[in-house]
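Enquirer: Take this structure first; my questions come after.
The values are calculated or read from the model by the stated rules, or taken from the named source; none is laboratory data. The structure presented is a predicted model; accordingly, all values stated were derived computationally and were not measured. Cβ coordinates were reconstructed from backbone atoms using ideal geometry, including for glycine residues, and neighbour counts include every protein chain displayed. Side chains are part of the model used for accessible areas, which takes the heavy atoms of the whole protein and leaves out ligands, DNA and RNA. Shrake-Rupley method; radii C 1.70, N 1.55, O 1.52, S 1.80 Å.
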Amino acid sequence: MAREPRFVFKEAAFNAALVKVDRNKVYGWSEIKYEDSNQQICSFINMLDDGKTMVGTGGIALKSIDELGDEIDKSTLIAKYMDDTDAVLYPSVFDVDTVLSDDKSISDYLSMDVKSVYQLQFSESNESILELLKIHKVLYFSFNYRAGYDPDDAFLLHQGDNIFAVIGRLTNFSYSSLEIPSVLDDETEEAGDDLDFNMF
Amino acid sequence: MRKIKIANVQKRDAEIVFGGLFRKPIIQYTLQDGTKTRNIKVLKSDLKRQYDALFNEYGSDESLSKGILEEDPEIDLNNVGKIIGTTQKVLINLDNKPVYKVKITEVIYNVDGSIKDEKPFTTRNQNILSEYPISWTGKQIPIDEAYNKFIFAKKYQLTHNNGLTFDFLFAMAKELHEKKVMMLLAAGAKGNEPLIFQENGRPYRAFLEGRIIDESYLLIMHISNLELKPIL
């Protein structure tokens, strides 16, 4: 049986498994197929800058080195904040109670860049938490799937009788005034699939 | 910041700028003495020494296992551990030979993995800075209803680049703020196509939200390609 985080909101507490909502499971997916003149399937590999060494999946490793160029065992590294103080390790949601709070609003939720979505699966009735979400709309919590130093932001919300956890990073946009337009970052997106989006 | 051409409800358009905000890393990893490390990419094995090539050379897993024990064909002592700089993506065929002319097909799968359609691949051009501006479709969704209908994966802020576009965008934000709605945006000549932000990028539906405080505004374009639907 899947491990279940325990969520706590004031006096209420409940357990639910997290089932990842994948776009492929909702709409299907697409792939690009490449064939040569003999109708053989082709695939992409990495060509090194010597122009002759070809490397396939799994042929490249990522290593950490020190100032002298010697390899470092990653388990010996220490995590620090940028001001050089020791970083705090936050536990996984599966290891401790996850405390929900109602101090963030729909506006906060809408300011979050989303990384992943989970549907909550209950072994018992979800009525009590549904009632809470109908009142509060969104409940905020910090989320670490595994223990880590920089937890994600997350919200519980409901759609009909179903409850979802939406995970991401809150973004602090600033308002633009005539004198001070907001300064923003550029971004490029990887080319992706093309599917019908039958939302309307 | 990138540019986008957008029209308002009166179909007046302007070229303005947009972008996101990315949280900078808050954690750094150091050695015990406080010195910093850096990450590098190194070569483990090239294509000739990876499983598929070695299997073809030895003919079976049994003889490959024996070969690995006796001859170490998977290790290239001259190159293993070599630091890798920039690489280029190259298409190869099943014989590990680079190919220069290929037929490209897009295969579309159903949720159950069966093939729904197979068609020649066509290039998708970006449509946020084209002849036709991004337009308001007139489809307004109250924010209280939109927040749990779609997953708004990414947010881009629209902002002005001169005094005229300040007025243009402030008026948009004010209208949406007062109505407490998001406006569905669309691209193309008919104003009904999803937005494509770059060549061969994913198509997204975009929803515009406006907030104002006094004489300042916040216009956020929420983009989505997923409805919030149960999968269980």
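Enquirer: Taking the Cα atoms only, what angle lies between the long axis of helix B:163-179 and the longest principal axis of chain B, rounded to 10 degrees?
Expert: The two axes meet at around 80 degrees.
Enquirer: Same structure, new question: Under a crude label model (7 Å from the Cα following the beta-carbon direction), how far is B:Ser114 from B:Asn96 in nanometres?
Expert: Computed distance between label sites B:Ser114 and B:Asn96 equals 3.9 nm.
Enquirer: Just to confirm my numbers, what's the Cα centroid distance between region A:1-27 and region A:50-123 in Å?
Expert: 20
Enquirer: If you don't mind, there's one more thing I want to ask. If you line up the long axis of helix A:127-136 against the longest principal axis of chain A, both from Cα atoms, how many degrees apart are they, to the nearest 10?
Expert: The angle comes out at about 90 degrees.
Enquirer: So for the protein assembly as shown: antiparallel DSSP bridges make up what percent, rounded to the nearest 5?
Expert: 95
Enquirer: Find the eigenvalues of the gyration tensor of the Cα atoms of region B:41-120, then list the square roots of 5 times those eigenvalues as equivalent ellipsoid semi-axes, largest first, in whole angstrom. Spell out each step's value before the answer.
Expert: Numbers: eigenvalues 213, 78, 33 Å².
Ellipsoid semi-axes (Å, largest first): 33, 20, 13.
Enquirer: Turning to a different aspect of this structure: Where does chain B land at 222 nm, in deg cm²/dmol rounded to the nearest 500, when only DSSP H runs of n ≥ 4 count, each adding -39500 (n - 2.57), divided by all residues?
Expert: It lands at -5000 deg cm²/dmol.
Enquirer: Then there is this: What's the average, rounded to a whole number, of partner chain beta-carbon atoms within 10 Å of each residue's beta-carbon in B:200-208?
Expert: The shielding value for this peptide is 4.
Enquirer: Can you sort A:Val99, A:Val114 by solvent-accessible area, 1.4 Å probe, largest first?
Expert: Correct descending sequence by accessible area is A:Val99, A:Val114.
Enquirer: Hey, another quick one. Let me know the mean shielding of B:30-39 by other chains, meaning the per-residue number of their Cβ atoms within 10 Å of its Cβ. If you can, show how the numbers build up before the last one.
Expert: Numbers: counts 5, 7, 3, 2, 3, 3, 4, 10, 7, 6.
Mean shielding count: 5.
Enquirer: Please work out the ratio of the alpha-carbon Rg of the protein assembly as shown to 2.2 N^0.38 Å and round it to two decimals.
Expert: The value comes to 1.16.
Enquirer: Other chains near A:133-140: what is the mean number of their Cβ atoms within 10 Å of each residue's Cβ?
Expert: Average neighbour count from other chains, rounded to a whole number: 1.
Enquirer: Would you look at the GNM of chain A, springs on alpha carbons closer than 10 Å, and say which of A:Ile65, A:Ile135, A:Ile163 moves the most?
Expert: A:Ile65
Enquirer: Just from its helices, what would the mean residue ellipticity at 222 nm be for chain A, if runs of 4 or more DSSP H residues each count -39500 (n - 2.57) and the sum is divided by every residue, rounded to the nearest 500 deg cm²/dmol?
Expert: Calculated from helices alone, the mean residue ellipticity at 222 nm is -2500 deg cm²/dmol.
Enquirer: Just the number: Rg to Rh for region A:62-171, Cα atoms, Kirkwood Rh, two decimals.
Expert: 1.11
Enquirer: Once you have a ≥ b ≥ c as the square roots of the Cα gyration tensor eigenvalues for region A:27-109, tell me rounded if a/c is under 1.5, and otherwise prolate or oblate according to whether a/b is larger than b/c.
Expert: Oblate, because a/c is 1.5 or more while a/b does not exceed b/c.
Enquirer: If you don't mind, there's one more thing I want to ask. Using only the alpha-carbon atoms, how far is helix B:61-71 inclined from the longest principal axis of chain B? Give it as 0 to 90 degrees, nearest 10.
Expert: Long axis of B:61-71 versus the principal axis of chain B: about 70 degrees.
Enquirer: Can you compute the charge dipole magnitude of chain B about its Cα centre, using +1 on each Lys and Arg Cβ and -1 on each Asp and Glu Cβ, nothing else charged? Give it in debye, rounded to the nearest 20.
Expert: 880
Enquirer: Over the alpha-carbon set of chain B, work out the extent along each principal axis and list the three values in angstrom, largest first.
Expert: The principal-axis extents, from largest down, are 77, 57, 41 Å.
Enquirer: What whole-number value in Å² describes the accessible area per residue of the protein assembly as shown for a 1.4 Å probe?
Expert: Per-residue accessible area for the protein assembly as shown comes out at 54 Å².
Enquirer: Give me the tail of P(r) for chain A as a percent: Cα-Cα pairs with distance above 23 Å.
Expert: For chain A, the share of Cα pairs beyond 23 Å comes to 65 percent.
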